[in-house]
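The values are calculated or read from the model by the stated rules, or taken from the named source; none is laboratory data. Source: prediction; values computed, not measured. In this analysis, Cβ positions are derived from the backbone assuming ideal geometry, glycine residues included, and neighbour counts consider all displayed protein chains.
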Amino acid sequence: MPIQVAGSYFYRSALQASNELNQLFGKKVFNNPKDKEVIARWVSYVGVSDEDIVMDFFAGSGTTAHAVLELNASENKSVRYVLVQLPEVISPKAKGAKPALAFLEHIKRPCTVSELTKERLRRVAEKIRSNNPDWDGDTGFRVFKLDSSNIHTWEPDRDNLGQSLFDAAEHLKTDRTEQDILFELLLKLGLDLTVPIEQKAIAGKTVHSIGAGVLMVCLDPQISHEEVEPLALGLVEWHKQLAPAGDTQLVFRDSAFTDDVAKTNLTAILQQHGLENVRSL
């Protein structure tokens with residue numbers, strides 16, 4: 001069926017789009033996928049520039065991202081994309097679901113539509129790299145899931161305020177990972193979720209550098225008096241190596257410090273070396 005885009009007719013068939021996706025996966029796993037060539041043509045006609053963002057709120061098999069990645073490789077651009085897809089469980093009773101379920105079980109992934117989306121993007125990235133060895137564009141992606149805050153809200157039991165205060169001593173939820181907390185920090189500080197993150201061990205503690213040193217985070221659960229000085233001086237040295245363009249914010253887990261003296265000493269050493277913006281969670 002001919003599709004008219006900006007005055008031009010672009011001939012593609014649904015069968016052709018399905019066949020291309022089948023080749024990528026090595027078998028049929030998705031019914032009625034959108035045509036990546038048509039979407040790429042639409043994106044191109046809109047006139048997107050580098051760092052523009054193409055959004056698809058119904059990602060399905062990830063056709064929009066596939067189109068953007070191929071457009072970037074063919075035109076040497078750096079257009080970005082955001083896909084939204086519910087972790088919709090693929091029902092075994094759904095029409096044509098058996099190939100998708102068999103494929104996901106084979107690669108040991110949960111049987112959801114979003115897992116097909118992610119697997120497609122991995123395979124597209126590998127194919128683009130193979131077909132365009134001289135292109136140094138970015139084909140990576142990060143996956144985020146909407147959840148509640150990693151920080152406890154203050155909801156006191158007014159009949160037992162003492163216990164409520166005791167429970168609030170640990171601000172961070174215990175069932176969350178360091179990565180969960182890191183990305184919430186990015187959101188709260190207005191940093192891009194795709195900024196580079198480095199990790200380094202300093203004085204036996206894991207420290208994360210986000211955005212080439214714009215944000216430095218140590219979420220270790222324990223920082224003793226003896227560890228304060230080597231940790232602080234190690235942070236100062238790494239900060240010098242990173243040499244970020246703007247001010248750096250340092251974040252620690254508040255409950256990690258042995259006491260207020262340890263926390264105060266760490267802050268003082270950092271401030272003596274010009275790292276003024278220190279806070280704890």
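Of the conditions (1) at pLDDT 90 or above; (2) under 20 Å from the mean Cα position of the chain (by Cα); (3) closer than 21 Å to Ser18 by Cα, Tyr81 fails just one. Which one is it?
With respect to (1) at pLDDT 90 or above; (2) under 20 Å from the mean Cα position of the chain (by Cα); (3) closer than 21 Å to Ser18 by Cα, Tyr81 is out only on (3).
If you go through the stretch 81-99 one residue at a time, do you hit one that is over 26 Å from Ser44 (Cβ atoms) and assigned to a helix (DSSP H, G or I)?
Yes.
How do the strands (runs of 3 or more DSSP E) wholly within the stretch 129-228 filter down when requiring 1 or more residues that are among the small types (Gly, Ala, Ser): which remain?
Once the strands (runs of 3 or more DSSP E) in the stretch 129-228 are filtered for at least 1 residues that are among the small types (Gly, Ala, Ser), what remains is 197-202, 205-210.
Taking the condition at negative phi and within 20 Å of the chain's Cα centre (by Cα), does Ser130 pass?
It is false that Ser130 is at negative phi and within 20 Å of the chain's Cα centre (by Cα).
Answer yes or no as to whether Glu105 is surrounded by 13 or more Cβ atoms within 10 Å (Cβ to Cβ), closer than 23 Å to Asn31 by Cβ, free of Cβ contacts under 8 Å to residues at least 60 places away in the same chain and not basic (Lys, Arg).
When the stated conditions are applied, Glu105 does not pass them.
If a residue has to be within 16 Å of Asp259 (Cβ to Cβ), among the charged types (D, E, K, R) and surrounded by fewer than 17 Cβ atoms within 10 Å (Cβ to Cβ) to count, how many in the stretch 212-241 make the cut?
Within the stretch 212-241, residues that are within 16 Å of Asp259 (Cβ to Cβ), among the charged types (D, E, K, R) and surrounded by fewer than 17 Cβ atoms within 10 Å (Cβ to Cβ) number 2.
Given Asp138, Asp134, which one is touching a residue at least 12 places away in the same chain (Cβ under 8 Å) and of a type outside the set (A, V, I, L, M)?
Asp138
Could you grab me the full set of residues in the stretch 34-66 that are within 22 Å of Lys118 (Cβ to Cβ) and among the hydrophobic types (A, V, I, L, M, F, W, C)?
Selection gives Ile39, Ala40, Val43, Ile53, Val54, Met55, Phe57, Phe58, Ala59, Ala65.
Would you mention how many residues in the stretch 40-63 are surrounded by fewer than 24 Cβ atoms within 10 Å (Cβ to Cβ) and within 13 Å of Arg120 (Cα to Cα)?
The number of residues fulfilling the criteria is 1.
Determine if the stretch 163-181 includes at least one residue that is under 25 Å from Val207 (Cβ atoms), surrounded by fewer than 17 Cβ atoms within 10 Å (Cβ to Cβ), of a type in the set (Val, Ile, Thr) and in contact (Cβ under 8 Å) with a residue 12 or more places away in the chain.
no
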